[in-house]
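J.: Let me give you the structure first, and then I'll get to my questions.
The values are calculated or read from the model by the stated rules, or taken from the named source; none is laboratory data. Owing to the predicted nature of the structure, the values given are computational and were not obtained by experimental measurement. Because the Cβ atoms are built from the backbone with ideal geometry, glycine has one as well, and the counts that use them run over all protein chains shown.
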């Protein structure tokens, strides 16, 4: 990481700013919120199992490990508790209920955990469309969409995990040299770190 | 023992150089560092961790942001290095105008964290104030500093390409790093489009592209600022400190906050320093024949402002009325970026801790703009990673497979502009507010003005124009404004000059009112140029140390 990379890479996810990191890029002078680890952020094992299944639906196991293998559920719980602002925590926590409500409406009262992988995928495709529409229209200071948070945390948690970085991507701890122009063919994996 | 030949205040880039040069010339030297000891390799706690070893995968927590509210505004607030930054709540400052002050109070200072970009100045820079009739003239020219650039480059290890550019002199370079294929293409197209008048070159940086004694070459991990277990880049710890310690003449005292220089008004000389121990709150005095003040631009001024106040209420060096004034920085937080088509069959290996540099062209060689001075750009081309959005993919197998492959090539550049010295861009002591140790804090009152604002418009426009001329598509640009200090190139608080009435330091970095006190960090700068300044601090420090020892031997100080 360095200054050249900073604005281009860090803090940018899904073509936007990492949730909770707005101040990070704007250089604004707002003091961070006072309260830390707001109500409801001590997530239960059931919560984490739910996050795991949402994450697995976003990034499923294929010939490489899925989000559940990468313990993305636990990662989500840690980030929301330690790094999210209180306002973002509220959105995220309310999102658990909202996701289940949307699920029940579409699947004859079945909760997300009771749904088949196909039903889950179908639901999350709808929610992803919803969050994309919302994000495109939202004003700068409006809160992020809860499903955008979940998707972002999934990608971030997975591709920085050991299974994600070393199996879905390629990781070399000590490259030892730099080559600026090597051949690439479709299907070759991306580097995990830059 | 409390008496030494020399005292060096600070252990960062310039303090490390002062200690090395003075001890190698035979002086017993005390190096005072206000923070804790930070040992080479052993204390680089995160340097060998893998990404998944970081609990928050790079992000800082809300608690860490609370402890470091200033650094939390910046891109410096990341999990790996958050502890490297000063705990801001212990050391507040007053912002008359918004000011981002990046501080690292521990051995090595910001030499561990720096960006390592290393560029020489030319006479276009040293003559700029005189030619423009702005502020005061530099008391030195390129020929005065040239041999010292040679000296520090050879020891520090700076890689780069020889380009023969008058505005960016070549140096004693290690082999250059390589541009990637997109960068090579862009560089060639810029050269052609602007008929050789604009140059995009590989960055010159203090990373080793070949081993030098005691240090391994860069391993292309691109995580320098966590500290390099290979000693692959220049820092106090990897370079100047081992050399100084090898003489047997260096004593390092951590947790030593220098409160003031002791001043003998009859002899007009400093006699030593008064130190507050940051751990015990006890005070100590140390004596020496000469003092090098290398506490970082703003803190060096703070020390002077707190010294000899019985003689000058504004402190030692304030007789000119310029101490604490003329605060400069490089203004940035703007740039342009876009997409390069083609090259889908090319990629890179390794993580290059360096980028490209577009050399200054504005207001040079007959070019005329509606503002003074100029700017350069840093940047790079790269293929997008998993962070990108894949618009057509939603969730599931397709998304995962897409993101497991690299995305399109993008190229981005960030401008770095010269900020003029203005007398009313200043820092003062705020005696109402105290830090953790009960010491008065600095009050920051500096801003970019019309010249910089005009330049910024041009920097954005030229950035877009160059990328478009180079075939980059979908070019977008940004200008997020610039609070002074955010360039991390603070300068000018105790400027050099030819006249004690208008400057704090003379041409050898001596305080006019105390010739055995030398200030050789960013405080001494008379103008800012647009090149990254650390290499110039190194060269000025080595030059001043050589002069100091000569003068000592002659009995002149």
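J.: Would you call residue B:547 surrounded by fewer than 18 Cβ atoms within 10 Å (Cβ to Cβ), in contact with a strand residue (DSSP E or B) (Cβ under 9 Å, 6 or more places away or on another chain) and closer than 24 Å to residue B:5 by Cα?
T.: Yes; evaluated as a whole, the condition is true for this residue.
J.: Here's a follow-up. What number of residues within segment B:94-114 are under 24 Å from residue B:443 (Cβ atoms), surrounded by 20 or more Cβ atoms within 10 Å (Cβ to Cβ) and more than 12 Å from every other protein chain (Cβ to nearest Cβ)?
T.: Selection size over segment B:94-114: 6.
J.: Could I ask something else about it? Give segment A:171-184 a look and list any residue that's surrounded by fewer than 16 Cβ atoms within 10 Å (Cβ to Cβ) and more than 7 Å from chain B (Cβ to nearest Cβ), or say none.
T.: A:172, the sole residue that qualifies.
J.: Look at residue A:110 and say whether it is over 18 Å from residue B:395 (Cα atoms) and either over 18 Å from the mean Cα position of the chain (by Cα) or surrounded by fewer than 21 Cβ atoms within 10 Å (Cβ to Cβ) (or both).
T.: Yes; evaluated as a whole, the condition is true for this residue.
J.: Let me ask something additional. With the checklist (1) within 14 Å of chain A (Cβ to nearest Cβ); (2) under 26 Å from residue B:320 (Cα atoms) in hand, flag the one item residue B:431 doesn't pass.
T.: For residue B:431, the exception is condition (1).
J.: Inspect all residues belonging to segment A:89-98 and state whether any of them is more than 9 Å from every other protein chain (Cβ to nearest Cβ) and either in a loop (DSSP other than H, G, I, E, B) or touching a residue at least 60 places away in the same chain (Cβ under 8 Å) (or both).
T.: no
J.: Next up: Tell me yes or no: at least one residue of segment B:434-449 is within 13 Å of chain A (Cβ to nearest Cβ), surrounded by fewer than 18 Cβ atoms within 10 Å (Cβ to Cβ) and in contact (Cβ under 8 Å) with a residue 40 or more places away in the chain.
T.: No, segment B:434-449 contains no residue that is within 13 Å of chain A (Cβ to nearest Cβ), surrounded by fewer than 18 Cβ atoms within 10 Å (Cβ to Cβ) and in contact (Cβ under 8 Å) with a residue 40 or more places away in the chain.
Okay, residues lined up against (1) within 9 Å of chain A (Cβ to nearest Cβ); (2) touching a helix residue (DSSP H, G or I) at 6+ places or on another chain (Cβ under 8 Å); (3) within 22 Å of residue B:242 (Cα to Cα); (4) not in a loop (DSSP other than H, G, I, E, B):
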residue: B:31; (1), (2), (3), (4): no, yes, yes, yes
residue: B:38; (1), (2), (3), (4): no, yes, yes, no
residue: B:42; (1), (2), (3), (4): no, no, yes, no
residue: B:52; (1), (2), (3), (4): yes, yes, no, yes
residue: B:60; (1), (2), (3), (4): yes, yes, no, no
residue: B:77; (1), (2), (3), (4): yes, yes, no, no
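J.: Which residue out of A:86, A:53, A:22 is modelled with pLDDT of 60 or more, closer than 19 Å to residue B:72 by Cα and more than 8 Å from chain B (Cβ to nearest Cβ)?
T.: A:86
J.: Mind checking which residues of segment A:50-87 are in a helix (DSSP H, G or I), closer than 15 Å to residue A:117 by Cβ and touching a residue at least 40 places away in the same chain (Cβ under 8 Å)?
T.: Passing the criteria: A:50, A:53, A:54, A:55, A:57, A:58.
J.: Which of the residues that make up segment B:115-130 are crowded, with 24+ Cβ neighbours inside 10 Å, out of contact with any helix residue (DSSP H, G or I) (no Cβ under 6 Å at 6 or more places or on another chain) and either within 14 Å of chain A (Cβ to nearest Cβ) or assigned to a loop (DSSP other than H, G, I, E, B) (or both)?
T.: B:116, B:117, B:119
One line per residue, one yes/no per condition, for (1) within 23 Å of the chain's Cα centre (by Cα); (2) in a loop (DSSP other than H, G, I, E, B); (3) more than 10 Å from chain A (Cβ to nearest Cβ):
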{"site": "B:192", "(1), (2), (3)": "no, no, yes"}
{"site": "B:197", "(1), (2), (3)": "no, yes, yes"}
{"site": "B:201", "(1), (2), (3)": "yes, no, yes"}
{"site": "B:210", "(1), (2), (3)": "no, yes, yes"}
{"site": "B:217", "(1), (2), (3)": "yes, yes, no"}
{"site": "B:222", "(1), (2), (3)": "yes, yes, no"}
{"site": "B:225", "(1), (2), (3)": "yes, no, no"}
{"site": "B:228", "(1), (2), (3)": "yes, yes, yes"}
{"site": "B:231", "(1), (2), (3)": "yes, yes, yes"}
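J.: Pairs only if they're at least six apart or on different chains, beta carbon under 9 angstrom, first in segment B:499-520 and at positive phi and touching a residue at least 12 places away in the same chain (Cβ under 8 Å), second surrounded by 20 or more Cβ atoms within 10 Å (Cβ to Cβ) and part of a loop (DSSP other than H, G, I, E, B); list them, first residue then second.
T.: Pairs found: B:509/B:520.
J.: For residue A:121, only one of the following conditions fails: (1) surrounded by 19 or more Cβ atoms within 10 Å (Cβ to Cβ); (2) at the interface with chain B (Cβ under 10 Å from one of its Cβ atoms); (3) farther than 22 Å from residue B:55 by Cα. What is its number?
T.: Only one criterion in (1) surrounded by 19 or more Cβ atoms within 10 Å (Cβ to Cβ); (2) at the interface with chain B (Cβ under 10 Å from one of its Cβ atoms); (3) farther than 22 Å from residue B:55 by Cα is unmet by residue A:121, namely (1).
J.: I'd like the full set of residues that are touching a strand residue (DSSP E or B) at 6+ places or on another chain (Cβ under 8 Å), assigned to a helix (DSSP H, G or I) and either more than 7 Å from chain B (Cβ to nearest Cβ) or under 21 Å from residue B:183 (Cα atoms) (or both), limited to segment A:149-170.
T.: If the condition is that a residue be touching a strand residue (DSSP E or B) at 6+ places or on another chain (Cβ under 8 Å), assigned to a helix (DSSP H, G or I) and either more than 7 Å from chain B (Cβ to nearest Cβ) or under 21 Å from residue B:183 (Cα atoms) (or both), then A:152 is the only one that fits.
J.: Additional query: List pairs: first in segment A:30-49 and modelled with pLDDT under 80, second in a loop (DSSP other than H, G, I, E, B), Cβ under 6 Å, 6+ apart or cross-chain?
T.: Sorted first by the residue in segment A:30-49, then by its partner, the pairs are A:31/B:69; A:33/A:85.
J.: Hey, can you tell me all the residues within segment B:394-420 that are in a loop (DSSP other than H, G, I, E, B) and either farther than 29 Å from residue B:478 by Cα or at the interface with chain A (Cβ under 10 Å from one of its Cβ atoms) (or both)?
T.: Of everything in segment B:394-420, those that are in a loop (DSSP other than H, G, I, E, B) and either farther than 29 Å from residue B:478 by Cα or at the interface with chain A (Cβ under 10 Å from one of its Cβ atoms) (or both) turn out to be B:394, B:395, B:396, B:404, B:405, B:406, B:407.
J.: Please determine whether any residue of segment B:488-510 is assigned to a loop (DSSP other than H, G, I, E, B) and within 14 Å of chain A (Cβ to nearest Cβ).
T.: Checked against the condition, which is being assigned to a loop (DSSP other than H, G, I, E, B) and within 14 Å of chain A (Cβ to nearest Cβ), segment B:488-510 yields at least one hit.
J.: With the condition kept exactly as written, say whether any residue in segment B:15-26 is within 24 Å of the chain's Cα centre (by Cα) and assigned to a loop (DSSP other than H, G, I, E, B).
T.: No; the residues of segment B:15-26 include none that is within 24 Å of the chain's Cα centre (by Cα) and assigned to a loop (DSSP other than H, G, I, E, B).
J.: Kindly indicate which of B:6, B:47, B:19 is under 30 Å from residue A:85 (Cα atoms) and touching a helix residue (DSSP H, G or I) at 6+ places or on another chain (Cβ under 7 Å).
T.: Among B:6, B:47, B:19, only B:47 is under 30 Å from residue A:85 (Cα atoms) and touching a helix residue (DSSP H, G or I) at 6+ places or on another chain (Cβ under 7 Å).
J.: If you take the residues in segment B:361-393 that are facing chain A (nearest Cβ under 7 Å) and outside any strand (DSSP E or B), which one is surrounded by the most Cβ atoms within 10 Å (Cβ to Cβ)?
T.: Looking at the filtered set, the residue picked out is B:386.
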